[in-house]
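Scroll down for the structure; my scribbles are underneath it.
No lab work stands behind these numbers, since they all come straight from the coordinates. Please read all numbers here as calculations on a predicted model, not as lab measurements. Cβ atoms come from the backbone with ideal geometry, glycine included; neighbour counts cover every protein chain shown.
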Amino acid sequence: RDRNTTNGKITVPVAGVYMLEASAYTSSGDVFQQAWFTENTNRMQYSDWTANNQAGCNKIQVCGMHKLDAGDEVGFKPYGNSTNVTIGDSVYHTWFRVTLIG
């Protein structure tokens, strides 16, 4: 995988089925309404996760299997009221994983 440190996207090296997993967390207490994966510049189908707008919904997770072509660029987009997403090294922080499964 080739990871772009500027935009956080990953370019997949070979065609296949990939498991995409991601999580986002904001420490500001703002609410996430939704998150999704992107393929190249497009929002991927069947990759959304929608949260309710309750106070304290400051963490969102999404996962799914997707067929990708070699050279496709994938990313993760949390969406909501927060513009301050905390990145850290625990399960409660923002991360994105791409795994080739077949």
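Overview of values
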read-out	value
In sequence order, calculated HN-Hα J values of segment 66-71 (Karplus, 6.51, -1.76, 1.60; Hz; x Gly/Pro)	9, 7, 10, 8, 4, x
Anchor LYS9: lysines whose Cα lies under 17 Å away (excluding residues fewer than 8 positions away in-chain)	LYS67, LYS77
Summed side-chain charge close to THR41 - residues other than THR41 whose Cβ falls under 14 Å, Lys, Arg +1, Asp, Glu -1	0
